[in-house]
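Only one structure is covered here, and it is reproduced in the block below.
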Amino acid sequence: MVIDSGFSHTYVVPCFEGIPMRHCATRIDVGGKLLSNLLMETLSFKEINLKNEVAIVNQIKESCTFVSDRFAQDLEVCKAGGMIKEFVLPDYKTIKRGYVRDPLPEGGQQEQVVKIRNERFTVPEVLFNPGDIGINQAGVPEAIMQTIAKCPTQMTAQLL
């Protein structure tokens, strides 16, 4: 089983003896662009307007976000003030490319930063629950089950 999450879509494709079975594939209309836009909107509302900074938001997404395997526990840790990271924005003079760091004490920073809190794992969660943002489609787990259901019965034992 191959799960490929690209720019616009996520595909779930079963493979049999190394050969992709395209007729059994399932597509979800959630990809990297949607996640970047969601992150951009969230950070622009909470922190700083990044609406015209697609490259920076992509860099934040790629360097800070992750899929949580314990979502509720991580959410509680965030509420208690943990898991916060700072993304140092480039000034294109001394800092050519932004980077991630642990938060510094107040007054201990000269750079312009964006604090990334629960967005680190709530934004990628849309891959698993697109309904959370109003997209009426299956998430990755449901797409996997739909893909398995499309496969010939001889293959399903190998896929499960």
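Annotations
- Considering segment 44-73, the residues that are at pLDDT 90 or above and among the acidic types (Asp, Glu) include one that is nearest to residue 119 (Cα to Cα), namely 62.
- First in segment 71-99 and of a type in the set (Ser, Thr, Tyr), second anywhere and surrounded by 11 or more Cβ atoms within 10 Å (Cβ to Cβ), Cβ under 6 Å, 6 or more apart: 99/88
- Residue 67 without any contact (Cβ under 8 Å) to a residue 60 or more places away in the chain, in contact with a helix residue (DSSP H, G or I) (Cβ under 7 Å, 6 or more places away or on another chain) and of a type in the set (Val, Ile, Thr): no
- Qualifying positions in segment 5-58 - free of Cβ contacts under 8 Å to residues at least 12 places away in the same chain and open to solvent by less than 40 Å² (accessible area, probe 1.4 Å): 44
- Scan of segment 72-112 for residues that are hydrophobic (A, V, I, L, M, F, W, C), surrounded by fewer than 18 Cβ atoms within 10 Å (Cβ to Cβ) and either assigned to a loop (DSSP other than H, G, I, E, B) or touching a strand residue (DSSP E or B) at 6+ places or on another chain (Cβ under 7 Å) (or both), ordered by number: 80, 83, 84, 95, 100, 104
- Selection from segment 59-71 of residues that are touching a strand residue (DSSP E or B) at 6+ places or on another chain (Cβ under 7 Å) and open to solvent by 40 Å² or more (accessible area, probe 1.4 Å): 63
- Unmet criterion (only one of (1) in contact with an Asp or Glu (Cβ under 9 Å, 6 or more places away or on another chain); (2) on the phi > 0 side of the Ramachandran plot; (3) among the small types (Gly, Ala, Ser)) for residue 81: (1)
- Entry remark, segment 54-71: residues being in a loop (DSSP other than H, G, I, E, B) and not hydroxyl-bearing (Ser, Thr, Tyr) number 4 in total.
- Selection of segment 113-140 for residues being in contact with a strand residue (DSSP E or B) (Cβ under 8 Å, 6 or more places away or on another chain) and either farther than 18 Å from residue 56 by Cβ or assigned to a strand (DSSP E or B) (or both) yields 113, 114, 115, 116, 127, 130, 137, 138, 139, 140.
The values are calculated or read from the model by the stated rules, or taken from the named source; none is laboratory data. The shown structure was predicted, so the numbers you read here are calculated from the model rather than taken from an experiment. Every residue, glycine among them, receives a Cβ derived from its backbone with ideal geometry; neighbour counts consider all protein chains shown. The protein model used for the area step is the full one, side chains on, heavy atoms only, and it has no ligands, DNA or RNA in it. Shrake-Rupley method; radii C 1.70, N 1.55, O 1.52, S 1.80 Å.
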